[in-house]
Amino acid sequence: MLGKLTWDAIPFDQPIPLISGAVVILAALGVLVWVIAKGWLPYLWKEWITSVDHKHIGIMYVLLGLLMLVRGFIDAIMMRAQQALAFHAQGYLPPEHYDQVFSAHGTIMVLFAAMPLVIGIMNFVVPLQLGVRDVAFPTLNSVSFWLTATGALLVNMSLIVGEFARTGWLPYPPLSELRYSPGVGVDYYLWAVQISGVGTLLTGINFVTTILKMRAPGMTYFRMPMFCWTALASCLLILAAFPVLTATLAMLTLDRYLGFHFFTNEAGGNAMMFMNLIWAWGHPEVYILVLPAFGIYSEVISTFSGKPLFGYRSMVAATLFICIVSFCVWLHHFFTMGAGGDVNAVFGIATSIIAVGTGVKMYNWLFTMYGGRIRFTTPMLWSLGFMTTFITGGMTGVLLAVPPADFLLHNSMFLVAHFHHVIVGGVVFAVLAGITYWWPKAFGYRLEEFWGKAAFWFALAGFYVTFVPLYVVGILGMTRRLQHYDVAEWRPWLMISAAGILVLIAGAICQMVQLSVSFLRRNELRDTTGDPWDGRSLEWATASPPPVFNFAVLPQVQDAEAFWDVKRRAREMHGSGSEPHYEALEMPRNSPTGFVCAFFATIIGFALVWHIWWLMIVGLVGAYATFVVFAWRDVPEYVIPAEEVARLDRANRIARQEAPYGASAI
Amino acid sequence: MSAAGTTITISDPYRLARGPNLARGHGGGGPATKRVIVGYGFWLFLLSDIVIFACLFATYTVLANATAGGPRARDIFDLNHVAIETACLLASSFFCGLATIAVARRNQILIQAALIATGLLGLAFILLEASEFAALYARGDGPTRSAFLTGFFTLVGCHGVHVTAGLLWLGTMMAQFFAKGFRPDIGRRFLCFSMFWHFLDIVWVAIFSLVYLVGTRL
Amino acid sequence: MKSVGPMVRQAALQALLCLAAVMLAPSLACADSILEPVGPVGRGDAIILLDAVVIMLAIVVPTIMVTLAFAWWFRASNTRAVYRPNFTYSGRIELIVWSIPTLTIFLLGGVIWIGSHRLDPFEPLPSTAKPLEIDAVTFDWKWLFIYPEQRIASVNRLVVPVGRPLHFRITSASVFNVFFVPSFGCMIYAMNGMVSQLNLQADKPGKYLGLSAHFSGDGFSDMRFDPIAVPAAQFADWAAGVKGAPLDRAAVGVLLKQSRAVAPYTYRGVDPALFDAIASQKLPPGEGPQSGRGAPGTQNAMSRGRAP
């Protein structure tokens, strides 16, 4: 009846997951009860859960990403603590548990924290920057989000029902085959990543269509803001790379469920093929994350330097260059498999060529600051922190791309330090900069600066204290994923690294304090003008938060910096901008399709993990029924009358009179 | 960008830029029509699906010789059987094309008839494929026999699953034409369906050539 | 240039080694650092590593300094800095911006090309001495080192003669692992059904650190072995005096079962075809665990196809 699911699945013998799982469940129930008691459920349902508004979906993505960032960070704290303790000892985590912790940490951080954060910011910002009212497929966007949430839910479910993979964040066979991983951990991994991967793929389709086919009139390709270019490059990578992930994980699934022989040790299976396939996705995945991050830095540095981006076309070229070359480098993840001098050299050189694109970007940001008037706001600090950190992180990356150096450093703690160096310094800093930068646009008030800057300095210091020692132990020969060790020379460095985590915790606390303090003081920090930073692109041309339709009248773009250009012209003509002609607007209706899909996807995923076949059929039938019901609806849109549009926009125009940066003149 | 700026009169800050290409959905022409957006998005989806098939093709090629003592490609393929399958699928695409013409002419009867023919031929294809698979299973040459058979069953089976999903979609499509007539949104969905159906043809042509034709020659 | 190049490199190398030594001082007393190799392969790899660092630091350090300088000088409150809001393009700067990284990578590309070929792990070492043949097999979770010429084998201990090239053939009897002795240099994968080759040499006697550099399951932390380099004569004595049971298929059957932290022991009398039997999958692969949450009785439930 319940497949493999029995009471044995609950880890009664392991207090740590049991207690933490119980705490999470209680907290979630508490929030739910609170929401119901306050009567907020209808509001949540109408405005958020069933919303197809790209702004709301973006915010929900970011919220999911932040929650998962905390979960992954707790895993990180556990790992650093374990390695600090486990010298000539077992530490406090047995291998069975420690292996799940580092696997979950990697999976969650890359796929359920970084991806939702980056996609969330893309969701919120791209349509606004393009000057349009929504993405190409709003309901599909909601489906994407809810499928990602399903994946995150399944990963976290494994904490208390069953176990998570003990194979690392990429389940290399033969270790991940049924023979060597008979538990449900790998199955949880497969279905969670597969379901959320479909969501990500749909996002990629949605945003490529949006960016290529739905820009405001006059916005030619070379007038798109840099963030849109990087989002486009990232989504093109998603389109080309995520299907590879889907196919690869499907093959592993067939091996595990139906006894196929793609990657098994028996009957001619070829495990090395998995390495090739998974990294053909995995390496572009890194650029899927980091290209939008580069876009965020471009926006932030340009705005706070009070200058357009230096070398815009060069920047576009470098972005597309990285986009293409990132598909020609995957083999550097296994130089030590012995592919031979020619192959290794070609892939090593291809990998280091990517540094040309990144280097160009670095210099362009540098010259954007040159001749600027730099305001050291929190987002700008994150960007400067990134520029100084990422350049050395990139250097260690190129070092690992040199095959003979990689022969010494492959899979070592040096590698661990390297990719945290670029992902924390590149992506996490960018996301925090982006959240601070666009927060006023999303919620109508700025974030408090003092706690934001405190968070930055703690994070920067904590980052170095945590990860520089890991470079050192890597040079001392320490490999990654060790649950215990007996080499005395490693110990002091691992202790320092654990101390660094404490500094990072302080940073995380400052960040949370910043959000709380800003919320409490939101009236003082209110942004009524829609343009708190003297912005340059179109998202600042509308109210904060923007009305549901974003722009009452689609803006006519005449310059690469659409809004800056408008402000300049308005100043020159002394503010004689006349009221535009308003028309009634059609906007997509809310739809529970995404949420219902996620509900059935969760059922299907859970049923497959535990081999509950009848439940899987119920889920599949439900999913098909959802599809038909959605396809059957007759009125996909609702109309906002012209008077309503005019009323909302007039209020915005009046508020703009107060604007400090010349927008008042419009 | 500054060239446009200098020639413009400053009286209207929202004036349309004079770019070379002002068609909707191109260059500076503003958002494209819904039909273009839907078709384009679905086309991107098909591209991503092609990447999935590309992975399966690559895997099949890598594993083609890993027979683990089991049968080789030329031992199990029956080209006559496959030729009939191919004919069914290609013919069904022809009827799908007829349906497209019928939609353009808004002829309900012709649409239903053409779609039924498309569906029946698709179903025949699936049944033929199922019979091929069943015969292999019965001989003990299922996908668990060797890595080669694993790759074969997955590649061809994945195409079969696509065709089956296409048949479900086709049924829904017929019901929608019947119940809702020729609304623009139904027309857009049919555009996607016909692209999907022709895409399955293209993939099948690749399977037919690279798996069956090459396989029997090896 | 020809005479200056190596000198500059030498100076930079020494400077870097000093820097590294200062950084590592507290722990360098007797550490197995990849920057203090004891053989030609490790030295070759480390020199390439340091070369690459020097090449890159030459642009990384100035770039960081200029970043901080620009950020500081062009702060909004600095009235002496000239505000140039329209400085958005300069052909000369673009040229420099593209050429600096390109030239660096050009240089580095040369290092990569030469290094990848010269230090390819499959390439025999340039030496007059005949290499010592060693066949390594990874099990869950222990290392087996077979000395086919001596007809002996050793678990979790690798004894090698100093100054003589070593030629390894490496495979795995279960999941992936990576053979790694930081002091010797170059690592390489051990994979089921495949044979990797590795050429190493140890020039200094001593006991070193040996481990797997690829996660292989719950017992991974105990995938440790003791590489011991001894003078040639002492090695001959050791090889002649090794005691133990013969290593045959039955003995391998025991090794195939999972076990952790196995104390080193030896075999005398090795079936010479054994390594090839494992590598060509004539022997079944490691058994794997018989437990896992949500997997009661998995060994019955799973259908693994028919045995060939």
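The values are calculated or read from the model by the stated rules, or taken from the named source; none is laboratory data. Just so we're clear, the structure is a prediction, and the values are computed from it rather than from any experiment. No Cβ is skipped: glycine too gets one built from the backbone with ideal geometry, and neighbour counts run over all protein chains shown.
Assorted remarks:
- Conditions (1) part of a loop (DSSP other than H, G, I, E, B); (2) more than 31 Å from the chain's Cα centre (by Cα); (3) of a type outside the set (Lys, Arg): number failed by residue A:570: (1)
- Among the residues making up the stretch A:356-366, a single one is facing chain C (nearest Cβ under 7 Å) and touching a Leu at 6+ places or on another chain (Cβ under 9 Å): A:364.
- Helices (runs of 4 or more DSSP H) contained in the stretch A:23-110 and holding at least 3 residues touching a residue at least 60 places away in the same chain (Cβ under 8 Å) and among the hydroxyl-bearing types (Ser, Thr, Tyr): A:95-107
- Residue in the stretch B:97-111 that is in a loop (DSSP other than H, G, I, E, B) and farther than 30 Å from residue A:252 by Cβ present: yes
- Filter result for residue A:176 (assigned to a loop (DSSP other than H, G, I, E, B), at the interface with another protein chain (Cβ under 7 Å from one of its Cβ atoms) and small (Gly, Ala, Ser)): no
- One residue stands out among those in the stretch A:479-517 that are at the interface with chain C (Cβ under 8 Å from one of its Cβ atoms) and of a type in the set (Val, Ile, Thr): the one that is surrounded by the most Cβ atoms within 10 Å (Cβ to Cβ), which is A:479.
- Residues that are part of a strand (DSSP E or B) and either modelled with pLDDT under 90 or small (Gly, Ala, Ser) (or both) do occur in the stretch C:128-145.
- Residue that is modelled with the lowest pLDDT, among those in the stretch A:638-652 that are over 34 Å from the mean Cα position of the chain (by Cα) and assigned to a helix (DSSP H, G or I): A:651
- The listed residue being on the phi > 0 side of the Ramachandran plot, within 14 Å of chain C (Cβ to nearest Cβ), assigned to a loop (DSSP other than H, G, I, E, B) and out of contact with any strand residue (DSSP E or B) (no Cβ under 8 Å at 6 or more places or on another chain), out of A:162, A:183: A:162
- Search result, residues across the stretch A:39-96 that are modelled with pLDDT of 90 or more, over 24 Å from residue A:436 (Cα atoms) and of a type in the set (D, E, K, R): A:75, A:80
- Residue match in the stretch A:345-355 (condition: facing chain C (nearest Cβ under 7 Å), in a helix (DSSP H, G or I), of a type outside the set (A, V, I, L, M, F, W, C) and surrounded by 20 or more Cβ atoms within 10 Å (Cβ to Cβ)): yes
- Scan of the stretch B:157-187 for residues that are at pLDDT below 90, of a type outside the set (A, V, I, L, M, F, W, C) and outside any loop (DSSP other than H, G, I, E, B), ordered by number: B:172, B:176, B:180, B:184, B:185, B:187
- Segments classed as helices (runs of 4 or more DSSP H), wholly inside the stretch A:367-478, with at least 3 members that are surrounded by fewer than 24 Cβ atoms within 10 Å (Cβ to Cβ) and at the interface with chain C (Cβ under 7 Å from one of its Cβ atoms): A:378-400
- Enumeration of residues in the stretch B:39-84 that are among the aromatic types (Phe, Trp, Tyr), within 12 Å of chain A (Cβ to nearest Cβ) and under 24 Å from residue B:126 (Cβ atoms): B:42, B:45, B:53, B:57, B:60
- Meets criteria (within 9 Å of chain A (Cβ to nearest Cβ) and hydrophobic (A, V, I, L, M, F, W, C)) for residue C:114: yes
For every residue, the table says whether it meets (1) modelled with pLDDT under 90; (2) under 30 Å from residue B:142 (Cβ atoms); (3) crowded, with 20+ Cβ neighbours inside 10 Å.
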{"site": "B:34", "(1), (2), (3)": "yes, no, no"}
{"site": "B:37", "(1), (2), (3)": "no, no, yes"}
{"site": "B:41", "(1), (2), (3)": "no, no, yes"}
{"site": "B:50", "(1), (2), (3)": "no, yes, no"}
{"site": "B:56", "(1), (2), (3)": "no, yes, yes"}
{"site": "B:65", "(1), (2), (3)": "yes, yes, no"}
{"site": "B:71", "(1), (2), (3)": "yes, yes, no"}
{"site": "B:74", "(1), (2), (3)": "yes, yes, no"}
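- Any chance residue A:617 is farther than 26 Å from residue A:133 by Cβ and surrounded by fewer than 19 Cβ atoms within 10 Å (Cβ to Cβ): yes
- Complete set of residues in the stretch C:196-207 that are at the interface with chain A (Cβ under 9 Å from one of its Cβ atoms) and either buried (at least 24 other Cβ atoms within 10 Å of the Cβ) or in a loop (DSSP other than H, G, I, E, B) (or both): C:198
Residues checked against (1) surrounded by fewer than 24 Cβ atoms within 10 Å (Cβ to Cβ); (2) away from chain B (no Cβ under 11 Å); (3) of a type in the set (Gly, Ala, Ser):
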{"residue": "A:207", "(1), (2), (3)": "no, no, no"}
{"residue": "A:212", "(1), (2), (3)": "yes, no, no"}
{"residue": "A:219", "(1), (2), (3)": "no, no, no"}
{"residue": "A:225", "(1), (2), (3)": "no, yes, no"}
{"residue": "A:231", "(1), (2), (3)": "no, yes, yes"}
{"residue": "A:238", "(1), (2), (3)": "no, no, no"}
{"residue": "A:246", "(1), (2), (3)": "yes, no, no"}
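- Residue match in the stretch A:437-452 (condition: of a type outside the set (Val, Ile, Thr), within 26 Å of residue A:79 (Cβ to Cβ) and modelled with pLDDT of 90 or more): no
- Taken over the stretch A:1-34, the criterion of being in contact with a Phe, Trp or Tyr (Cβ under 9 Å, 6 or more places away or on another chain), more than 30 Å from residue A:82 (Cα to Cα) and away from chain C (no Cβ under 14 Å) is satisfied by A:1, A:34.
- Test result for residue A:168, surrounded by fewer than 24 Cβ atoms within 10 Å (Cβ to Cβ) and either in a loop (DSSP other than H, G, I, E, B) or within 14 Å of chain C (Cβ to nearest Cβ) (or both): yes
- Every test in (1) closer than 21 Å to residue A:450 by Cα; (2) assigned to a loop (DSSP other than H, G, I, E, B) is passed by residue A:554 save one, and that test is (1).
- Screening residue A:135 against (1) buried (at least 24 other Cβ atoms within 10 Å of the Cβ); (2) within 14 Å of chain C (Cβ to nearest Cβ); (3) not in a helix (DSSP H, G or I); (4) not hydroxyl-bearing (Ser, Thr, Tyr) leaves a single unmet condition, (2).
- No other residue among A:369, A:395 is in contact with a helix residue (DSSP H, G or I) (Cβ under 6 Å, 6 or more places away or on another chain) and without any contact (Cβ under 8 Å) to a residue 12 or more places away in the chain apart from A:395.
- Any hit, the stretch C:76-86, residues being part of a helix (DSSP H, G or I), small (Gly, Ala, Ser), surrounded by 14 or more Cβ atoms within 10 Å (Cβ to Cβ) and free of Cβ contacts under 8 Å to residues at least 24 places away in the same chain: no
- Any hit, the stretch C:124-144, residues being within 11 Å of chain A (Cβ to nearest Cβ), surrounded by fewer than 17 Cβ atoms within 10 Å (Cβ to Cβ) and of a type in the set (Phe, Trp, Tyr): no
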